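See below for the structure under consideration.
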Amino acid sequence: MPLEILGKMYQKANREYYAIGQFNFSNLEFLQAIIDAAEESKSPVIVACSTGAIKYGGLRNLVALTRTMAEKASVPVSLHLDHGTKLDDIKMCVDGGFTSVMIDGSHHPLDENIRLTRDAVQYSHSHGGITVEAELGRLGGIEDDIKVDAHHACLTDPDEAVRFVKESGCDALAVAVGTSHGAYKFKGESKIDFDRIAVIKKRLGIPLVLHGASSVDPESVAIINQFGGKIEDAKGLDKDSYAKAIKNGINKVNIDTDLRLKWTAVVRKTLQEKPNEFDPRNVLGPARDAVKAVVKEKMKLLGSAGKA
Ligand code: G3H
Ligand code: 13P
Ligand code: ZN
């Protein structure tokens, strides 16, 4: 199939209460793993590149690879820009063939975030009707903050969200509800403000996005550490968080760290267990298979498996 505009996928997910996974990539093997997983799971999928990934892989290369693989696939694939921060990022990706973009103005004051997002929406909507995700609030672990009040100021405020969406015209909103990016999300229990998701969803009705949604599989971390890595006190979301978040209104769940951890675990283990190996295919191949298995497991948990 040709690459799909994300807005089309959202409608069904929003109606049927499941989430589409966004999986980040910057190389051939991750992309193969993600699209093969979607195909085998009969799931719609969002493959995403950050500006860092684009710098690493090259915009035209990444778009060409994704287009080629999507065209062969029987499931819908959308190519999304993750955390664009400037209008130029948006223009580069819309012009370059992406079918969804995120403008992240969450570090700006509200009015400036609205202005930047509105410009991104105007450009994207008028160039092929490309879907725009925006962000309001700051991601961060709930218990990391010493002052509870100061912390709550970082989570997405429902009243601000209403004004933000109305004035910016964004199609989907990334909400800050206690998660954060990377492998160190929580010091103790996984803690997410599910009620806040429900309130925002009720007020807005549009698709909501959960960033920082990796579960940080303890087994992958243990293998990394066993084979020479050093990742201490990593902690992600509990597995039942996905179901709770989706029930309250999340339709897109962003996962990058879980794939990176699995990848690192397999590469470290393979290189140590096979000291004579120097064919990259025999190292990266098993890692690719393991990443595919992680993506398939996520698609089941998100409820997108079988929805394509
Ligand atoms: O949200 C961040 C994503 O995990 C992308 O990370 O900028 O290292 O590619 P990156
Ligand atoms: P993780 O670091 O939890 O995988 O989150 C990725 C993300 O939110 C990308 O936008
Ligand atoms: Zn993110």
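Side notes on the structure shown:
- Selection status of R288, at pLDDT 95 or above, within 16 Å of ligand 3 (Cβ to nearest atom), within 15 Å of F23 (Cβ to Cβ) and open to solvent by 50 Å² or more (accessible area, probe 1.4 Å): no
- If the condition is being out of contact with any Pro (no Cβ under 8 Å at 6 or more places or on another chain), open to solvent by less than 40 Å² (accessible area, probe 1.4 Å) and not in a helix (DSSP H, G or I), then region 1-25 contributes L3, Y18, A19, G21, Q22, F23, N24, F25.
- Qualifying positions in region 172-192 - part of a strand (DSSP E or B) and surrounded by fewer than 22 Cβ atoms within 10 Å (Cβ to Cβ): Y184
- Restricting region 206-222 to residues that are of a type outside the set (A, V, I, L, M, F, W, C) and away from ligand 2 (no atom under 12 Å from the Cβ), the residue that is surrounded by the fewest Cβ atoms within 10 Å (Cβ to Cβ): E219
- Enumeration of residues in region 26-44 that are over 15 Å from the mean Cα position of the chain (by Cα), of a type in the set (A, V, I, L, M, F, W, C) and open to solvent by 10 Å² or more (accessible area, probe 1.4 Å): L28
- Residue match in region 189-211 (condition: within 16 Å of ligand 3 (Cβ to nearest atom), of a type in the set (D, E, K, R) and at pLDDT 95 or above): no
- Here N276 fulfils each of the conditions (1) open to solvent by 60 Å² or more (accessible area, probe 1.4 Å); (2) assigned to a helix (DSSP H, G or I) apart from (2).
- Count of residues meeting criterion [under 14 Å from the mean Cα position of the chain (by Cα) and outside any strand (DSSP E or B)] in region 45-55: 2
- Those residues of region 234-246 which are open to solvent by 40 Å² or more (accessible area, probe 1.4 Å) and in contact (Cβ under 8 Å) with a residue 24 or more places away in the chain, in sequence order: K235, D238, K239, A243, K244
- Set A161, A134: member being within 17 Å of the chain's Cα centre (by Cα) and modelled with pLDDT of 95 or more: A134
- Close pairs from region 252-280: first without any contact (Cβ under 8 Å) to a residue 60 or more places away in the chain, partner within 16 Å of ligand 3 (Cβ to nearest atom) and among the basic types (K, R), Cβ under 9 Å, at least 6 apart: D258/K298
- For D82, the conditions (1) open to solvent by 10 Å² or more (accessible area, probe 1.4 Å); (2) part of a helix (DSSP H, G or I); (3) farther than 17 Å from S168 by Cα all hold with the exception of (2).
- The set of residues in region 79-95 that are under 21 Å from L65 (Cβ atoms) and more than 16 Å from ligand 2 (Cβ to nearest atom) comprises M92, V94, D95.
- Qualifying positions in region 223-233 - open to solvent by 30 Å² or more (accessible area, probe 1.4 Å) and either in contact with a Ser or Thr (Cβ under 6 Å, 6 or more places away or on another chain) or assigned to a loop (DSSP other than H, G, I, E, B) (or both): G228, K230, I231, E232, D233
- Among residues of region 104-120, those that are hydroxyl-bearing (S, T, Y) and surrounded by fewer than 17 Cβ atoms within 10 Å (Cβ to Cβ), counted: 0
- Any chance G58 is open to solvent by 10 Å² or more (accessible area, probe 1.4 Å) and either farther than 19 Å from I103 by Cα or touching a strand residue (DSSP E or B) at 6+ places or on another chain (Cβ under 9 Å) (or both): yes
- Residue within region 9-19 that is acidic (D, E), under 16 Å from V295 (Cβ atoms), more than 14 Å from ligand 2 (Cβ to nearest atom) and more than 17 Å from the chain's Cα centre (by Cα) present: no
- Lone qualifier among V63, V101, V47, V77 - being more than 16 Å from ligand 3 (Cβ to nearest atom), modelled with pLDDT of 95 or more, surrounded by 23 or more Cβ atoms within 10 Å (Cβ to Cβ) and aliphatic (A, V, I, L, M): V77
- Restricting attention to region 247-273, the residues being buried (at least 17 other Cβ atoms within 10 Å of the Cβ) and away from ligand 2 (no atom under 16 Å from the Cβ) number 7.
The values are calculated or read from the model by the stated rules, or taken from the named source; none is laboratory data. What you see is a predicted model; the values in this text were computed from it and never measured. Counting neighbours? That spans all protein chains shown, and the Cβs are built from the backbone with ideal geometry, glycine included. Areas reflect the complete protein model, heavy atoms only, side chains present, ligands, DNA and RNA absent. Shrake-Rupley method; radii C 1.70, N 1.55, O 1.52, S 1.80 Å.
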